[in-house]
Structure formats: structure tokens, C-alpha cells
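Report on the following structure.
The values are calculated or read from the model by the stated rules, or taken from the named source; none is laboratory data. Because the structure is predicted, anything quoted here is derived from the model rather than measured. Every residue, glycine among them, receives a Cβ derived from its backbone with ideal geometry; neighbour counts consider all protein chains shown.
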Amino acid sequence: MGNRVAVAALALCAVLASAGCALFDDPRLVDDSGQGGQGFADRFERERVELVLGPRPPDEPLTDEERERHRIAEADMRWMEVVASFPDAVRPQDPFEAYVPPGSDIMQVMYECFIASGIDAELHPGGGLSWATPSVDAAVSVWTCEARHPIEPFLELSERQRGYQYDYQVWMQAPCVRATGHDVPDAPSREEYLAAWPNVSWDPLYSGPMASSEYERVHDLCPPLTWH
């Protein structure tokens, strides 16, 4: 572990030195307001991160068993919301038919199901959906529609991806945030970070109070990794 940390630190120093500290002062990566723009974030991720940490670990698609486990857990969580309002509600048999196809309008799918189930629902021009559940029957019908056509579970970060994110936050993002003038607490150990996932409390971008404009500036200069 110690050798790996030393190598990562040396690699980061070498990259920053060879780049002329472009992470913070390259005028091509700063907009007219003096703040980092999207071009900075894009180049930061594409070039700097992989130069220091190597290629990102590829996605590992969910297995059928994992996908099913996530679907059932989501339905269970939503049913708990039903019984919180209507303790005497009786859960129907699993109504699942199919995931909402990629690219489909989930609001439209839910709206059509709600209307067919007799629920008082309204689809708004901007894409929002509102509905009323004044009775246990309405609440159960809403749950049934949501469980019948859920959104397919997102990919989870694999253990390798979580480790890569830890390295990025420790060796690149945290020093970047500190360079903007903000304190960042010491990171947990790699083992603690991975064991706590996804409920990790340490995040360089959320290390202390910031005005919204300042947060946006720091976020642009020291962006989080995007995976999917």
C-alpha cells in the first residue's frame, strides 16, 4: 500500500510538472469570468485522470439475479410508503410485466397506467406528472403501476471502479479543492472507503459550507468522476 501511494504521488507530481500546472492556470480552460468551464472539466477527466490513474475500469453489467434483486427491493421500498399512509393495505401479487424501454417517456407510461386504473392524474406540459391517492385503493393502484413498469436498475460501480474513484478523489480531486482555497479533511483509508460504500461520508466537494456560486466554481475546476 505504501509503495502504491508513493508511486501515485510521484506520478501526479510528474504530470502536473510536465503540464505546467495546467490544472489550475491554463487560460484555454477558463471562461471569460475567470472560472473553469465545461472544457476544463472534459479535459480534466479525459487527459489528467487517465494519465495519473490509468484507464478507467470498464462497466460490469448487472447479472439477471442482481437486476431482479434490485427490482424487488425497489418494489418493497415503495410498498413501505403505501403502508405508512394506509396500514391496512393488502399487497397484490407481483404485477411486474417489463421494464420501461430505454428512451421511453416514463411519465407518459405512468400516466397511461394511472388513468387506466381510475387514478386522478394530470400530465403537465413540461413533463411532470401529478396524481392523488385519497384512498387505499388509489395508493395500491399507484404502487401497482410503478411495480408493473419500473425503470431498469442502473449499473452499480464495481469494486475496481470504486477503488478507482477513491484514488481519484484522494490524489487529484482533494488537492484540486485545496488549491482553490478550501480545506478538505483527511481521507479515510481505502479499506474504510470501500467498506462504507455507498454511504461514504467523505467527499472533497462537500468538505465545508460554500455559497452556491463558489460551489459551482470549485465543482467546475475539480469535477467529480462521471461513470455512466
In segment 182-224, residues that are touching a helix residue (DSSP H, G or I) at 6+ places or on another chain (Cβ under 9 Å), under 22 Å from Pro58 (Cα atoms) and either among the small types (Gly, Ala, Ser) or surrounded by fewer than 16 Cβ atoms within 10 Å (Cβ to Cβ) (or both) total 4
Could you give me the residue pairs with C-beta distances under 7 Å whose first residue belongs to segment 54-66 and is β-branched (Val, Ile, Thr), whose second residue is loosely packed, with under 10 Cβ neighbours inside 10 Å and not in a helix (DSSP H, G or I) wherever it lies, and which are 6+ apart or on separate chains?
none
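Every residue, every condition in (1) free of Cβ contacts under 8 Å to residues at least 24 places away in the same chain; (2) over 28 Å from Arg69 (Cα atoms), yes or no:
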residue: Gly118; (1), (2): yes, yes
residue: Leu129; (1), (2): yes, no
residue: Trp143; (1), (2): no, no
residue: Arg148; (1), (2): no, no
residue: Arg162; (1), (2): no, no
residue: Trp171; (1), (2): no, yes
residue: Ala187; (1), (2): yes, yes
Which pairs do you get when a residue that is touching a residue at least 60 places away in the same chain (Cβ under 8 Å), found in segment 190-210, comes within reach of a residue that is surrounded by 12 or more Cβ atoms within 10 Å (Cβ to Cβ), reach meaning Cβ atoms under 6 angstrom, with the pair 6+ apart or on two chains?
Arg190/Tyr166
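Given the residues Tyr99, Tyr111, which is the only one that is touching an Asp or Glu at 6+ places or on another chain (Cβ under 6 Å), assigned by TED's automatic domain parsing to the domain that holds Gly128 and surrounded by 13 or more Cβ atoms within 10 Å (Cβ to Cβ)? Let's see the steps before the verdict.
Working: Tyr111 fails: touching an Asp or Glu at 6+ places or on another chain (Cβ under 6 Å).
Within the list Tyr99, Tyr111, the selection yields Tyr99.
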Output the number of residues of segment 39-93 satisfying the condition of being under 20 Å from the mean Cα position of the chain (by Cα), assigned to a helix (DSSP H, G or I) and either at pLDDT 85 or above or closer than 30 Å to Ala139 by Cβ (or both).
8
Condition first: in the same structural domain as Val109 (by TED's automatic domain parsing), of a type in the set (S, T, N, Q) and outside any loop (DSSP other than H, G, I, E, B). Now tell me which residues in segment 128-167 satisfy that.
Ser130, Ser141, Thr144
Residue within segment 150-158 that is surrounded by 15 or more Cβ atoms within 10 Å (Cβ to Cβ), acidic (Asp, Glu) and over 30 Å from Glu81 (Cα atoms) present:
no
